[in-house]
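Values in this text are rule-based calculations from the coordinates and carry no lab data. In this text, all values refer to a predicted model and were calculated from it rather than measured experimentally. Glycine gets a Cβ as well: all are built from the backbone with ideal geometry, and neighbour counts include every protein chain shown.
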Amino acid sequence: MESPLSRDARGLSKALVGWFHSSKRDLPWRRNRTPWRTWVSEVMLQQTTVDTVAPRFEAFVTQFPDPHSLAAASDDAILAAWAGLGYYRRIRSLRDGARSCVEAFGGEVPRTQAALMKLPGVGPYTSGAIASLAFGEPVAAIDGNVGRVASRLLGIRVDPSTAKGRKSIESELIPLIPKDAAGAFNEALIELGALVCKPSFADCGRCPIRDWCVATDGDPMHYPLKRARKASVAVRCVRAFVPDGCHVWTTRIPDGQRLAGFQELPGRWLAPGESADTALQGVLGSLGFSEVSVGDTVANCHHVITHHRIEVSVHRVEARPPQVSGGSLARIERSLLSSASVTTETRKVARYLLKDRR
Ligand code: SF4
C-alpha cells in the first residue's frame, strides 16, 4: 500500500518547515549561524540540555571564535572554559577536531558530510548537522530526538541509537529531505522532538506532521524500540586528604582516561571487603609516599557516573611525601580544591575539606 509519505513528501516538508519558522525557540546558535558556531553548539548539546548550554554558548565562542583559536588553546584553558558543562571528553575531542581542521583545511570548516567525517570526534550526527544546517547539504542528522520522531513518523520500530537502526531510518528519511531547505527540515525535526514529539508524550494534536505520521494509526509510544537499561551498580571509593601546609597532594588523571587532565585526591574504588587503610596504603605507596598513617574520615559524598552510584569517603592521611615528585602526582593550593581544575567529585568533598585548616 502506498503510504501518505511517498504520496506527498513535498507537503510534509512544507508543513514541517513552516511550523519550524513560526514556532522555533530563539537560541544563541540560531542567531548568526556559521559553520563553526554550528559545530560548537552541536558538541555542547550532546548529553547537555539547551537550558544549560544557552547561557554558556556566547562566552565560549567569544573566547574561541574559530578553529584556529581552539586548536591553539592549552588544556587548562579549554577545561576552564568547559567547566560545568560535564562530559569533558567532548571539549578535548572538539579541540582535536579543530586542530585537524586547521591542518587539513586551513581552518575552514569542511562543507560536506563526507569531509566532516574525516575530522576526529565528528560522527554521523554532528557531520550531518553541520553539513545540512550550515551548508544546506541534503543529508540526515539523526540524534536521539530525530531518531524518535522519524521512527514514529515513518513507522519504523528500530533502536535509533544503534548503527543498524540509524541506517534504516536514514535510508527512508533522506528521500524526504527537500534539496532547497535541508537545514530547516533537519532543524525542524530536532525542534519537533524537543517540543512536541517527546520521549514520554507525543502531543499529536498540535503536531504539524500528524497527517503523514504512521505511528498515529496506533500508539506512538510503541516507537522507537528501546534498548534495555543497564542496572546501576553501587561502589565504594576511598580517597586520601594529605595536606602539606597550604597545599594538598593530588593526582592528575592521565591522557586516555575519562576526565584526563583533571586533578583529584589520590584514591581508588574498593574491592568487596577491602579496607580503606589497605587501599590507601597501596595507592600512596605507589605514588612514592612513605610512613603512611590513614586517619579518620573527614568528608563523604555520593557521586553518580553513568551506571555507577559511588559512595566516596575521604580520609585524613599523614605521610612523608616522595623526595622527587613526578608522574601523575601533583600538589595544589587547598583553595583550588573547589576550582575548575579538579573533578566534580573533588569539588563535592572540597566544601568539607576547606573547613579543615589543621
Ligand atoms: S503525529 Fe504524534 S507521533 Fe507523529 S511525529 Fe507528530 S507528535 Fe510524533
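For the subset of the stretch 213-241 comprising residues that are farther than 30 Å from residue 281 by Cβ and of a type in the set (Gly, Ala, Ser), which member is farthest from the ligand (Cβ to nearest atom)? Within the stretch 213-241, the match that is farthest from the ligand (Cβ to nearest atom) is 231. Scan the stretch 171-212 residue by residue and report those that are near the ligand (Cβ under 10 Å from one of its atoms) and assigned to a helix (DSSP H, G or I). Of everything in the stretch 171-212, those that are near the ligand (Cβ under 10 Å from one of its atoms) and assigned to a helix (DSSP H, G or I) turn out to be 189, 192, 193, 195, 204, 205, 206, 210, 211, 212. For the stretch 92-124, filtered to residues that are in contact with a helix residue (DSSP H, G or I) (Cβ under 6 Å, 6 or more places away or on another chain) and free of Cβ contacts under 8 Å to residues at least 24 places away in the same chain, the residue that is surrounded by the most Cβ atoms within 10 Å (Cβ to Cβ) is 116. Considering only the stretch 269-285, I want to know if a residue exists there that is under 30 Å from residue 90 (Cβ atoms), under 26 Å from the mean Cα position of the chain (by Cα) and of a type in the set (A, V, I, L, M, F, W, C). Yes. Among the residues of the stretch 83-99, those that are of a type in the set (A, V, I, L, M, F, W, C) and assigned to a helix (DSSP H, G or I) comprise 91, 94, 98. Only one of the listed residues (298, 314, 349, 294) is buried (at least 17 other Cβ atoms within 10 Å of the Cβ) and outside any strand (DSSP E or B). That residue is 349. With respect to residue 255, is the statement that it is outside any loop (DSSP other than H, G, I, E, B) and more than 30 Å from residue 20 (Cβ to Cβ) true? Spelling it out, it is not the case that residue 255 is outside any loop (DSSP other than H, G, I, E, B) and more than 30 Å from residue 20 (Cβ to Cβ).
Okay, residues lined up against (1) more than 30 Å from the chain's Cα centre (by Cα); (2) free of Cβ contacts under 8 Å to residues at least 60 places away in the same chain; (3) buried (at least 18 other Cβ atoms within 10 Å of the Cβ):
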| residue | (1), (2), (3) |
| --- | --- |
| 176 | no, no, yes |
| 204 | no, yes, no |
| 207 | no, yes, yes |
| 214 | yes, no, no |
| 217 | yes, no, no |
